[in-house]
Amino acid sequence: MPESRQTFTFQAEARQLLDLMIHSVYSNPDIFLRELVSNASDALDKLRFEALTNESLSGLTGDLHIQIATVPADRTLAISDNGIGMNRDELVEFIGTIARSGTKEYVKLLREKGSGSLPEELIGQFGIGFYSSFMVAGRVTIVTRRAGEEKAWKWESPGDGTYTLEEDARQEQGTTVTLFLKPKEEEGSFRDYSDPEIIREIIRRYSDFVAWPIRMKDENGAEAALNSMKALWTRPESEITEEEHKEFYRHITHDWNKPARMIFFKAEGGMEFRALLYVPSKAPLDMFIRDMARGIQLYIRRIFIMDDCRDIVPEYLRFLRGLVDSEDLPLNISREMLQQSRQVETIRKSVTRKVLDSLASMLKDTREAYVSFWQEFGKVLKEGLFSDARNRERILEVALFETTGPDGLATLDEYVGRMPGEQDEIYYVTAPTLTVGKNSPHLEAFASKGREVLILADPVDEIWTPAVTEYKGKKFTSVARGLVDLDESGKSGAENEKPSDEGLDALLKYLGKTLEDEVKEVRISGRLKASPSCLVGEDFDLSPQMEALLRAAGQDVLKVRRNLEINPSHPLVGKLRKIYEEEPSDPRVARFARILFGLAALSEGGRIDDPTAFSREVADLLAE
Ligand code: ADP
């Protein structure tokens, strides 16, 4: 008995997305066809790939193709492929739900903002290609049989949030998507997608390079392929137009934005391969989700092998899209073999090198474009500073930084070029946000001496700064660590600043005792000008942001006790000194100590253990 018809509802997010899709206005509805052809092409790729390792499927790959058929009288358009197909579970999972968490989050956001429509360039980023059929169709069916499986299925939906599933008699493996086009009068500005001429034109424009024949019968019943099938990356670079790149990029990425940069090269000699890579102009929604797809496709001698091949690019270049086509790897390579392959490692090194070179040229030739690139992907690229020591200097060369100097982002070379003669270190401060960094009390003396400081406010900065000690012979120095002496005397800060002042010495000792649970030492600061106090680590202490990051990641971290530096020329410290000198045991002295400590923690964007007690103490003090 074939399973009878059952009705299902889409997963909530999928329903919402579908709803947005149907009610949005599109400047270019033609692209639904590109999405469906792209899915069909992927399905053929997958079948050929599975057949490489699965004997029982190898008889099915003789005539892989895509077929398009229209019936103008019925207003239907059908796109068929004899590719991998889907079984019942896959239909439910792939079509009825949205798996990607980034997409889910975004849909939620759009709904909360009450936005009724979907920004067009985002549709592609979602990977909801199939749903775009509902832009032009009132009802859609999918009839599909998974290659090598017994049963075929028919899925059908009027786009209202429900769909039905029932068994079908389809014999051939693969999938047919049939669109029941909206009535002509409802189409508005849409073209008539049941007109074969219009279909031909759209296929030629968007899908010419699809590697499988896309066939359609002409008026006389004769069948012809509509596309040239020429793999774009096998053609000479000079012949490929920008338009073709744009379409190809969209085909492989489903991202409708224009790529920011194209990197196309051929390696010969040791390993022979071609790489056609693109830097997207916008970061995908799931950039920082751990297991996000890496997006590089692997081809071997023009044959598609796999999507998101992780071994070809290092993780810190995971924003790249595109493909590598190798001449040397064996066709039956598995993911496990890839990981251990020396040849793949050679490809990875060479790709990494080329990409970094290309970014360097981009920085040199098109600064503005590079700055946008950096704002999207700089955080990711910086991961390479600790994960790829070999290319560290190259990455530093193309890294951009906020600084306390002139407006705009600076390279390290620019920073070093602006250093005054007596400065021989690269100063930086890490902070949870740019604003906290810019206003950090640690910078005060540097600012007053006209010393520029890099402001590092990305979480990844906490991770690479301990690992990277210098750039072209210039040491990286945190302004929040160690002693600071910016006077030209050359004597160490401690000797220079330490007063031969016994009263102050005694006070510092007393404060140190009072705060011994919180700080290592209380001392006079060489870096403060306007603020009363700040906290300073030793060279190898965890920074407060790093401490917070580790805690957030669920690690037990020992509390780091840093040094409290105070500014003797600040009136608050002056007042404290007076009270202390009049009566060392005055309870206000301890209160001042706690307040100086709390203020220091707050000013670096940190956390105080008991904020209520702190604000009460400040309030009481103000009242007095
Ligand atoms: P995307 O293609 O971006 O993943 P779609 O909504 O277009 O998003 O498709 C969702 C999934 O459904 C695909 O990833 C694929 O697994 C499956 N699918 C879609 N069309 C086909 C097809 N013609 N043959 C086999 N599987 C398909």
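Coordinate-derived values only; no laboratory data. Model, not experiment: these values are computed from the prediction. Note: ideal-geometry Cβ built from the backbone for every residue, glycine included; neighbour counts use all protein chains shown.
Points to keep in mind about this one:
- Under the Debye formula (equal points on every Cα, no solvent term), log10 I(q)/I(0) of the range 363-507 at q = 0.12, 0.13, 0.19, 0.20 Å⁻¹: -0.54, -0.62, -1.21, -1.33
- Rounded to 5, percent antiparallel among DSSP beta bridges of the chain: 75 percent
- Treating r as the C-beta distance of T162 and I198 and R0 as 30 Å, the FRET efficiency rounds to 0.50.
- Largest first, the three principal axis extents of the alpha carbons in the chain are 107, 58, 45 Å in whole numbers.
- Each 10 Å bin from zero holds the following percent of Cα-Cα pairs in the range 415-472: 21, 50, 28, 0.
- Using a simple spin-label model with pseudo-atoms 7 Å out from Cα toward Cβ, L621 and R5 lie 7.7 nm apart.
- Helix 502-514 axis, angle to the chain major axis (alpha carbon atoms, nearest 10°): 40 degrees
- Size descriptor, Kirkwood hydrodynamic radius, that averages inverse alpha-carbon separations across the range 470-624, Å: 16.8 Å
- With all pairs of different C-alpha atoms in the average, the Kirkwood value for the hydrodynamic radius of the range 218-334 is 15.6 Å.
- Computed from backbone phi with θ = phi - 60° and the Karplus coefficients 6.51, -1.76 and 1.60, the 3J(HN,Hα) list for the range 222-230 is 7, 9, 9, 7, 8, 10, 7, 6, 7 Hz; x is used for glycine and proline.
- Exceedance of the 24 Å cut-off in Cα-Cα distance is limited, within the set K246/K354; K349/K472; K529/K559; K509/K575; K379/K472, to K529/K559.
- The helix-based estimate of mean residue ellipticity at 222 nm for the chain, built from -39,500 (n - 2.57) per DSSP H run of four or more residues and divided by its residue count, is -11000 deg cm²/dmol to the nearest 500.
- Percentage of interatomic Cα-Cα distances in the range 388-444 larger than 14 Å: 62 percent
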